[in-house]
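S.K.: The structure under discussion is supplied below as structure tokens; questions concerning it will follow.
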Amino acid sequence: MSSQPKIYIAGHRGMVGSAIVRHLRATGLSPESLVLRTHAELDLTDQAAVRAFFATEKPEQVYLAAAKVGGIHANNTYPAEFIYQNLMIEANIIDAAFRNGVKKLLFLGSSCIYPKLAPQPMREDALLTSTLEPTNEPYAIAKIAGIKLCESYNRQYGQSHGIDYRSVMPTNLYGPGDNYHPENSHVIPALIRRFHEAKTNNAPSVAIWGTGTPRREFLYVDDMAAASVHVMNFDKATYDQHTQPMLSHINVGCGNDITIKELAEAISKTVGYQGEITFDPSKSDGTPRKLMDSSRLNALGWPKFAWKKVCFRPTGTSFRPIGNHENNNPNAHGIADATQRRIGYLGQHIERTTRTAIGCLGGKPRHGCCSSAK
């Protein structure tokens, strides 16, 4: 019998889940120890199906990286889907894990759980201190519920059943497995796509939503995966020393940020777009600033992230466009395969060649991309 734990990664085809799979395999975990299911094989919003899956597979650890995600437009357009699907996924997995003897679980949340005007950088104790950003409130509430599910099961069953369910809150992530949908993607892949298409079509200008003044922090997804595994495996006594039963989540960020304007200029330069960049103040900016305080993570022995002048790092076939996600059929959005391949190759090229780091403008490290300083 293998001495390695049996680990279920929920959402293993998404950006974060696939990075966790890569990290676990790189650390020597055998393929037989990983339990993976696609959406077609297991609908995580179906409680009966999830319970049956756990009863059959009996994993020992769970990484809960499955979620419905998207940018400002997607959150505004599909608020019911964002709150319902995320609540169902979290509740079904956490409860089924408990019912089937899973001792260790890690829930992955989001920095949007914090109030719109939270003091910067955002500490864990800013949670539930004020109102959320309206554009992603349903998603944020679902993620807060995931944290509280973990904490509540720990409080009620931690001692009697020996469970230890933890939560990490990543900052904005980028990297392999990202989504290039023209409307529903996050900011980095959205900008790469828009500038690439503007260059290809000789468009005179590219309009960016909002004023360009909001500041965002970005972290490479493989660094997030490594930090997640670190938090999962940290000894309970020390973990409990640095957290509280009802304030137990851990921020994961790199400690520096960049304006959307600077980000757009950096990506435009890397793509080689020569046109004008304009901003549309009639569109929502979202939260003015989202910078994480990761000192709790650092106190748990994880080193601070360090700047790299290569912002988009080599990752083989990274930055695949639409179609990389199991529920994101590119043909359903009317986007030709050839266009998908061009965007995918562009993202791969950017990762391999650029020295224009996000926020490391002019070759001088200031804000932006990070990699682990281990």
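The values are calculated or read from the model by the stated rules, or taken from the named source; none is laboratory data. What you are looking at is a predicted structure, and each value in this text was computed from that prediction instead of being measured. Counting neighbours? That spans all protein chains shown, and the Cβs are built from the backbone with ideal geometry, glycine included. To get the accessible areas, we keep the full protein, side chains included, count just its heavy atoms, and leave off ligands, DNA and RNA. Shrake-Rupley method; radii C 1.70, N 1.55, O 1.52, S 1.80 Å.
S.K.: Pull up the cross-link candidates among the aspartates and glutamates for K104, meaning alpha carbon to alpha carbon under 18 Å and not fewer than 8 places away within one chain.
M.R.: Once the sequence-local aspartates and glutamates are set aside, what remains near K104 is E57, E60, E90, D95, E151, D164, D235, D240.
S.K.: Report the accessible area of T278, computed with a 1.4 Å probe over the heavy atoms of all protein chains in place, in Å² rounded to the nearest 10.
M.R.: About 40 Å², ignoring ligands and nucleic acids.
S.K.: Heavy atoms only, probe 1.4 Å: what % of the accessible area of segment 33-138 goes to carbon and sulfur, would you let me know?
M.R.: Details: 2360 of 4480 Å².
That fraction is 53 percent.
S.K.: Give the accessible surface of segment 143-288 per residue, rounded to a whole number of Å², with probe radius 1.4 Å and ligands, DNA and RNA excluded. Write out the running numbers ahead of the final one.
M.R.: Details: 5560 Å² over 146 residues.
Using a 1.4 Å probe on heavy atoms only, each residue of segment 143-288 averages 38 Å².
S.K.: OK, next. Heavy atoms only, probe 1.4 angstrom, no DNA, RNA or ligands counted: give me W302, W209 ranked by accessible area, highest first. Spell out each step's value before the answer.
M.R.: Working: W302 15, W209 105 Å².
Highest to lowest solvent-accessible surface, that is W209, W302.
S.K.: Output the antiparallel fraction of DSSP beta bridges having both residues in segment 1-154, as a percent to the nearest 5. Before the final figure, lay out the partial values.
M.R.: Values: 0 of 10 bridges.
Counting DSSP beta bridges with both partners in segment 1-154, the antiparallel share is about 0 percent.
S.K.: Given segment 156-302, what percent of its DSSP beta bridges are antiparallel, to the nearest 5? Please list the in-between numbers first.
M.R.: Numbers: 3 of 16 bridges.
Antiparallel: roughly 20 percent of the beta bridges in segment 156-302.
S.K.: Can you tell me the FRET efficiency between A237 and S284 if r is taken as the Cβ-Cβ distance and R0 is 35 Å, rounded to the nearest 0.05?
M.R.: On the way: r = 44 Å, r/R0 = 1.27.
Taking R0 as 35 Å, the efficiency between A237 and S284 is 0.20.
S.K.: Now for a separate question. When the Cα centres of segment 164-222 and segment 75-151 are compared, how far apart do they sit, in Å?
M.R.: Segment 164-222 and segment 75-151 have Cα centres separated by 21 Å.
S.K.: Could you sort R296, R166 by accessible area so the largest value comes first, with the probe set to 1.4 Å?
M.R.: Values: R296 35, R166 5 Å².
The most accessible residue leads, giving R296, R166.
S.K.: Now for a separate question. With each label point set 7 Å from Cα along the Cα-Cβ vector, what nm distance links A26 and A299?
M.R.: Label at A26, label at A299, 2.8 nm between them.
S.K.: State the extension gain, in nm to one decimal, for the chain segment bounded by H39 and R155, taking 0.36 nm per residue of separation less the distance between their alpha-carbons. Present the calculation step by step, with values, prior to reporting the outcome.
M.R.: On the way: separation 116, 0.36 × 116 = 41.76 nm, distance 3.11 nm.
Between H39 and R155, full extension yields an extra 38.7 nm.
S.K.: Here's something else I'd like to know. Where only protein heavy atoms count, and the probe is 1.4 Å, what is the accessible area per residue for segment 78-140 in Å²? Intermediate values should be presented prior to the final figure.
M.R.: Details: 2550 Å² over 63 residues.
Per residue, segment 78-140 has 40 Å² of solvent-accessible surface.
S.K.: Further question on the same structure: Towards the positive end of the charge dipole of segment 21-144, with charges on Cβ (+1 Lys, Arg; -1 Asp, Glu), say which of A91, S130, V102 has the farthest Cα.
M.R.: Of the listed residues, the answer is V102.
S.K.: Using a 1.4 Å probe and ignoring any ligands, DNA or RNA, find the accessible area of D43 and quote it in Å² to the nearest 10.
M.R.: Number for this one is 60 Å².
S.K.: Let me know the charge dipole size of segment 98-153 about its Cα centre in debye, to the nearest 20, where only the beta-carbon of Lys, Arg (+1) and Asp, Glu (-1) is charged. Each step should come with its number before you reach the end.
M.R.: Numbers: 7 positive and 5 negative charges, 65 e Å.
Dipole magnitude for segment 98-153 comes out near 320 debye.
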